[in-house]
Every structure is written in C-alpha cells, then in structure tokens.
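The values are calculated or read from the model by the stated rules, or taken from the named source; none is laboratory data. Computed from a predicted structure; not experimentally measured. Positions of Cβ are generated from backbone atoms using ideal geometry, with glycine treated the same way; all protein chains shown enter the neighbour counts. Each accessible area value is taken on the protein alone, full model and side chains, heavy atoms only, with ligands, DNA and RNA left out. Shrake-Rupley method; radii C 1.70, N 1.55, O 1.52, S 1.80 Å.
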Amino acid sequence: MLEWIGTFCFLILMAILWPVAKCFGAASHYTLLLPRRDSKRPAERCDSKLEEKGESAAVALICKPSALANYLLKHCMTFCKSLSIPSWNWRVSSSLQTVFGALWPVECPVHFIRDHLQLSDDGLVALDWAVVGAAHHKRRRTSSNSTSPVLLIIPNSFGRITRNVLKLCEAALSHGYLPVIFNRRSQNGTPLSTIRLQQFGDPTDLREAVRYIRYRQPAGQIYAVSESTGSGLLLSYLGECGSSSYVTAAACLSPIFRCQSWFESGPSWPFHWALLLYQKICLSRYKTVLGELVHIDSVFSSCSLKEMEEALFCHFSSKGVPVEGTGSWEAYWERNDPLRDIDEVAIPVLCVCSQDDPIRGDPRTTLPFELFENNPHFFLLLTACGGHCGFSTSDEGPVVWSHQALLEFFRATTDFFAAEERAKLAARRRGLSGAGKTFRHRSVSTCKRLPVCSHNIHAIYNWQRSYTR
C-alpha cells in the first residue's frame, strides 16, 4: 500500500512538472558523451561505431584501451546497442524513469529465503537467497557442491528493495545465477541486535558476508552488483580487499562516486525529500535504542541527508559518551569515501550510468572520467537517457537493458580470463616440452599444480556463529 501511495504522489508531481521535464529532457538528449580528454591515450568509444552507421550515439563505452576492452566491444552486443526511446515516450523523462525503476510495483515470480548471519561483534546482517515458484514453501539449501555462479546484490544504502533489484534477481535466475541480496543491519526487516549501525563505506560486515557465501558455495564463482548509493559499499570492499575479494567481476548500476559532495548538495528536492523521509521511517522503529547511541532529536529533526548522516555517525551520544568511530564530517569521509582505495581494485568493474541521472547530478562534475580513462579495471557504459537505475526502453523484453549489459559483461570477462588461462597453460606446456628436450634428466612433474583457491576458508572464520531463521 505504501508503494502505491508513493508512486501515486510522484506521478502527480511529475504530471505537474512534465512539460518542463520534457523540454529539459529533449534539450539534453543529444548533448551526450563529452567527457574531458586529458589522458594521453584515447579511451575506447563504442559510440564512434554507431556514428559510422548513421545512428544516434546513445551509448558509449569509456575505458582505457586494453585486450579486455576490445574483447568486450566484440562480444557484448548491448554495449553498442542504442536505447530506442521515441521522443514522445514517457521514458525520455529521467524523473519518470527513476520513479518507475524504484517504486513501480512488479509482478515477479521471485521469492526469497532468508539467512541471518551473526557477525564477529554479535551484530546481524541478512542474506536473501532468490528462488522461483513454489520452491519458497520448502526450506531448501543449495548444494555446497553446486558450480552455479553466485550473484551478490547490494541494494541502495537506504535498504529499499526496488523494482530494479527484483527484476535483476529474476534475470539472474533465468541465466543460471544464484542471486542473493545483502541487507545491512536494521534494514529490510533485519533485527538490530547491537547498538551499532553500518557506516556508509565500511565494508567490515560485507567482508564477513562474502566469506560466508564463499563457504556455502566454494565451487561457484561470485559476481557482485550494486545499485545507486550501495555502490559506495561495494567499491570500498573491492578497494580494501584487492585481489583477495573472492569476486570475479563486479558491476555498479547508477553509482554515486563523489559521495561527500552528494550528501552536501543532495539530489533535486522531490527525491531528496523522499529519501530523507524514507530513512526516518526506517529508523523510527529503533528510536528508543538508538537514543543511547546518538542525539535522537537531531536525527529526526534533520532537514537534509547530510544532517542525518552527520547526526548518526559524527556526534556524541545523548549521554555525552563518545561513540566509536565518531569525529568530524571530513574525518568521516576519509574513512568512508568509496574512492579512497580505488587503485587497489584488482577485478573488472562495469559502471552503467545515464547522463540525465536526476539523483547523481551533472555528469561533468559527478563522474570521474579520469578513473575510467587511466585504470584498466574500470569500464563506464554511459547512456543519453535512462534516469537513475531506470534504463527502461520502449521495446523492452523480459530483461532490462542495463541488466542484460551487466550479464553480458560477466559472461565476456569470464570467457576472456578462461581463454587467457588456456593460453598460459599452453605456453607453459610448450616451455616444459622444450625444457624436456634440453634437460633430459629433469622430471616434468616439477611443475607444481596450483590449487583452485589459495585461501583456507575454514581457518578464516568459525561458521558456527551463524544461524538461520
């Protein structure tokens, strides 16, 4: 019921602002893809191929030239497919795209089986495993010997499970993945067992959750997808863990990169008001217990996202006791900025963004083009329209365009690395063959076989601490 009320209110507001939104949308629809070009090497551009064919340059892949980039352009058809949206269609409005992707109800056959994971400090996070059909009536655990890949989904930092996330779970299941949603402390019905909330970019809880998933599915590869502000947590985790993240490849849908300035300036007022109100509603459930941690009056009287974030994590408690991790606003973002360890990311990361995103803001100031042009691990798929986590098209099938793009990205990167491993193995065998002819008395068995996983997961964590509801 709350979803329909929110949708109805937004539709009324957008109907009033529709003429203005349409004018601005039409004006900005073709002012596309003009990032700064400061790097010495030109970035790969998929839109140049579209221009040669005489089509509108609606999609561009911006990245550092590499063998993987060339492979993606060759095998990911969605990367070079323009979003077909007629000028008269409602989808040209970024605001309506955003509302549709976040609030519009969806008839989805996906159901969830929840696991509660008890963390090292006795806190709780929830993992929702997606299943289809009547399977949710039985308490069924997937086999630990299953080789099916796991798709770890990190929703927005406010804990809202959007239409976009549900459609992604449905698409992932149809492509053979095991989707699982990570729910932070106190979010989406997760109990708050300790007087501690998760900071914006603190990956400690996510790290333990990924290790548990790895323990549950040791034979399956792990892929990660984040939505909106949830990308801050994913990028923080990938930066801190580096090559030990257990993740094969990752994708961010409509990520927020410059998070401190985003909290300070905020999105446009309708969305700012909606996000602030939703966060207050979620926190009101724990109003009494949170009073021991923060100034609760400051939290619920805050008029902006910055004031609320600052009241939750940068102030002393109501009893005058300093809270662990508190400090100034600047110190808070030194610990939680998603880009603080971005150079340590060691896996391919695809970021799907729209230039008309009303939540993120102006792409010239909110998108770090230099990151994609200089770091070979990051790929930016930039579209002319699509709003924030919308990307709905007029000829849309069962799979949303952005979801098809990231699934193709995961498949292509996996195939690319598999081909690279085969080439290395063949070269090693040729080297051993040559060495055998030269050194006749050396045994070929000196080539040590590498294990599948160099980590001993049982020594990392004691999983007897986890329990299931």
Flagged in the range 331-359 as within 20 Å of PHE271 (Cβ to Cβ), under 17 Å from the mean Cα position of the chain (by Cα) and open to solvent by 30 Å² or more (accessible area, probe 1.4 Å), in numbering order, are none
State whether the residues of the range 389-402 include one that is within 29 Å of SER243 (Cβ to Cβ) and part of a strand (DSSP E or B). no
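For the range 85-97, which positions are over 21 Å from the mean Cα position of the chain (by Cα) and surrounded by 15 or more Cβ atoms within 10 Å (Cβ to Cβ)?
Let us first name the residues in the range 85-97 that are over 21 Å from the mean Cα position of the chain (by Cα), namely 85-93, 96.
Answer for the range 85-97, where residues must be over 21 Å from the mean Cα position of the chain (by Cα) and surrounded by 15 or more Cβ atoms within 10 Å (Cβ to Cβ): ILE85, TRP90, ARG91, VAL92, SER93, LEU96.
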For SER244, the lone unmet condition from (1) in contact with a strand residue (DSSP E or B) (Cβ under 6 Å, 6 or more places away or on another chain); (2) modelled with pLDDT under 95 is (1)
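With respect to SER245, is the statement that it is in contact with a helix residue (DSSP H, G or I) (Cβ under 8 Å, 6 or more places away or on another chain) and either touching a residue at least 12 places away in the same chain (Cβ under 8 Å) or open to solvent by 10 Å² or more (accessible area, probe 1.4 Å) (or both) true?
Numbers: in contact with a helix residue (DSSP H, G or I) (Cβ under 8 Å, 6 or more places away or on another chain): yes; either touching a residue at least 12 places away in the same chain (Cβ under 8 Å) or open to solvent by 10 Å² or more (accessible area, probe 1.4 Å) (or both): yes.
So SER245 fits the description; yes.
Residues are listed down the side, and each one gets a yes or a no for (1) surrounded by fewer than 23 Cβ atoms within 10 Å (Cβ to Cβ); (2) under 19 Å from SER231 (Cβ atoms); (3) at pLDDT 95 or above:
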| site | (1), (2), (3) |
| --- | --- |
| GLY361 | yes, yes, no |
| GLU370 | yes, yes, yes |
| PHE379 | no, yes, yes |
| THR383 | no, yes, no |
| THR393 | yes, no, no |
| VAL399 | yes, no, no |
| LEU406 | no, yes, yes |
| ALA412 | yes, no, yes |
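For the range 372-410, how many residues are of a type outside the set (Asp, Glu) and without any contact (Cβ under 8 Å) to a residue 60 or more places away in the chain?
Within the range 372-410, residues that are of a type outside the set (Asp, Glu) and without any contact (Cβ under 8 Å) to a residue 60 or more places away in the chain number 2.
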Is one or more of the residues making up the range 255-269 surrounded by 23 or more Cβ atoms within 10 Å (Cβ to Cβ), over 25 Å from LEU119 (Cβ atoms) and touching an Asp or Glu at 6+ places or on another chain (Cβ under 9 Å)? yes
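Kindly indicate which of PRO191, PRO155, PRO179 is at pLDDT below 95 and on the phi < 0 side of the Ramachandran plot. It would help to see each step written out before you state the result.
Working: PRO155 fails: at pLDDT below 95; PRO179 fails: at pLDDT below 95.
Only one candidate qualifies: PRO191.
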Counting only residues in the range 284-302 that are of a type in the set (A, V, I, L, M, F, W, C) and without any contact (Cβ under 8 Å) to a residue 24 or more places away in the chain, the one farthest from SER328 (Cα to Cα) is identified as PHE300
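A quick yes/no check of all residues on (1) more than 28 Å from GLN97 (Cα to Cα); (2) open to solvent by 10 Å² or more (accessible area, probe 1.4 Å):
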position: TYR177; (1), (2): no, yes
position: ILE181; (1), (2): no, no
position: LEU206; (1), (2): yes, no
position: VAL210; (1), (2): yes, no
position: GLN221; (1), (2): yes, yes
position: LEU234; (1), (2): no, no
position: LEU238; (1), (2): yes, no
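Test GLY291 against the criterion of being modelled with pLDDT under 90 and surrounded by fewer than 17 Cβ atoms within 10 Å (Cβ to Cβ), and give yes or no.
On the way: modelled with pLDDT under 90: yes; surrounded by fewer than 17 Cβ atoms within 10 Å (Cβ to Cβ): yes.
Yes; evaluated as a whole, the condition is true for this residue.
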Any chance you could count how many residues in the range 251-268 are of a type outside the set (Gly, Ala, Ser), more than 20 Å from ILE347 (Cβ to Cβ), out of contact with any Gly (no Cβ under 8 Å at 6 or more places or on another chain) and touching a residue at least 60 places away in the same chain (Cβ under 8 Å)? 2
Pick from the range 101-119 the residues that are open to solvent by 20 Å² or more (accessible area, probe 1.4 Å) and in a helix (DSSP H, G or I): which of them is farthest from PRO358 (Cα to Cα)? LEU103
Against the conditions (1) within 23 Å of ARG360 (Cα to Cα); (2) buried (at least 19 other Cβ atoms within 10 Å of the Cβ), where does LEU283 fall short? Just the number, please. (1)
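What about SER301, is it farther than 14 Å from LEU197 by Cα, at pLDDT 90 or above and over 22 Å from the mean Cα position of the chain (by Cα)? Full working, then the answer.
Working: farther than 14 Å from LEU197 by Cα: yes; at pLDDT 90 or above: yes; over 22 Å from the mean Cα position of the chain (by Cα): yes.
It is true that SER301 is farther than 14 Å from LEU197 by Cα, at pLDDT 90 or above and over 22 Å from the mean Cα position of the chain (by Cα).
Condition check ((1) assigned to a helix (DSSP H, G or I); (2) under 18 Å from LEU407 (Cβ atoms); (3) open to solvent by 20 Å² or more (accessible area, probe 1.4 Å)) across all residues:
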{"position": "VAL99", "(1), (2), (3)": "yes, no, no"}
{"position": "ASP121", "(1), (2), (3)": "no, no, yes"}
{"position": "LEU173", "(1), (2), (3)": "yes, yes, yes"}
{"position": "SER193", "(1), (2), (3)": "no, no, yes"}
